1. Just grab the label-to-label distance for Asn97 and Val289, each label 7 Å out from Cα along the Cβ direction, in nm (one decimal).
2. DSSP beta bridges in the chain, what fraction antiparallel, as a percent rounded to 5?
3. Where does each of 114-120, 158-164 land if you order them by average Cβ count within 10 Å, highest first?
4. Quickly rank 286-297, 207-218 as a protection proxy: mean count of other C-beta atoms within 10 Å, highest first.
5. Ignoring everything except DSSP H segments at least 4 long, calculate the 222 nm mean residue ellipticity for the chain; use -39,500 (n - 2.57) per segment, divide by total residues, nearest 500.
6. Quickly rank 190-198, 92-100, 302-310, 20-28 as a protection proxy: mean count of other C-beta atoms within 10 Å, highest first.
7. Using +1 on the beta carbon of Lys and Arg, -1 on that of Asp and Glu, and nothing else charged, what's the dipole of the chain about the Cα centre, debye to 20?
8. Under a straight-distance cross-link criterion of Cα-Cα below 22 Å, which lysines are reachable from Lys277, leaving out those fewer than 8 residues away in the same chain?
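The numbers here are math on the coordinates, done by the rules we state, and not lab data. Small disclaimer: the values here were computed from a predicted structure and weren't measured. Reconstructed Cβ throughout: ideal geometry from the backbone, glycine too, with neighbour counts over all protein chains shown.
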Amino acid sequence: MGQTLTEKILDDHLVEGDLETGEEIGIEIDQVLTQDTTGTMVWLQFEAMGLDEVQTEIAAQYCDHQTYQFDFKNTDDHRFLRSAAGKYGAYFSRPGNGICHNVHRENFAAPGKTLLGSDSHTPTPGGLGELAIGAGGIDVTVAMGGAPYYIEMPEIVNVRLEGELPEWATAKDVILEMLRRLSVKGGVGKILEYTGPGVETLTAPERMTITNMGTELGATTSIFPTDHQTEDYLERVGRGDEFAEIQPDEDAEYDDEIVVDLSDLEPLIAQPSMPDKVVPVREVAGQDVSQVIVGSCTNGGYEDILPVAKMLEG
């Protein structure tokens, strides 16, 4: 029997257990990520371990959440985080350098790697074929110290994409459609693996919009196979040599399957105050809006901001 994409990466990093749904497994972690609301505790715990340096291939500390420093506390945290990163061999991304998920995907995310992060939207690099999981601070600390990450083997769901997005529909509408169908609890205990002919019509940034917001489904993580779109993205950020083609086997078996025809999608919107309270934009057309924010970690890339800039120019 063939393997899914998820099983291939897990098998390559497996140090304990069997890849049986519901069984506890231990996997080796290649990269860790933390940010400034969770990083302080992570580094204090790591300091207490008594190690001289981080044991993962890459450790990155981002300061992107507490950039509005209304008193000395955030400033002191950032000073500590910078010193800890320097002392133990981690990359440090200063305040104002960008959203952690966007900066990480541009500089470090790579096909076939594993990433553990103390941020719920850590699965973003799944759009590049990296198995990325959000976890608690102590789990990240332990992984940074070189120990395996333990987790119950999730179900692997095949999300088969067909067709192509019509005009005005975006990758954000794909994940909103998933939320409309499954709710915010529909992904709990599951890894969503995207496959099908519709995948190749989506750019790498579009895929990472989907994997980022898969968190709102409660999913363990989400992941896409790699192809020419992945290679093109890595080339454009100067890391083409890190490309690797990773696909599920043709005879891979999944625990479940969901089919989404991209051609049927229209612009969708999540109404307050839940991400799964999704309706077509046309149903709320004309409603007054007091504030508009562009640039979240789900839609914080150049591709998202450019259309807004063009509209403001006009």
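1. It is 3.2 nm.
2. On the way: 10 of 41 bridges.
Here the share of antiparallel DSSP bridges comes out near 25 percent.
3. Working: 114-120: 23.4, 158-164: 18.7.
The packing order, highest mean first, is 114-120, 158-164.
4. On the way: 286-297: 8.6, 207-218: 25.9.
Highest to lowest by the protection proxy: 207-218, 286-297.
5. On the way: 9 runs with 96 residues, N = 314.
Computed mean residue ellipticity for the chain: -9000 deg cm²/dmol.
6. Numbers: 190-198: 22.1, 92-100: 17.8, 302-310: 12.2, 20-28: 14.3.
The densest-packed peptide leads the list: 190-198, 92-100, 20-28, 302-310.
7. Details: 20 positive and 57 negative charges, 333 e Å.
So the magnitude is around 1600 debye.
8. Lys172, Lys185, Lys190
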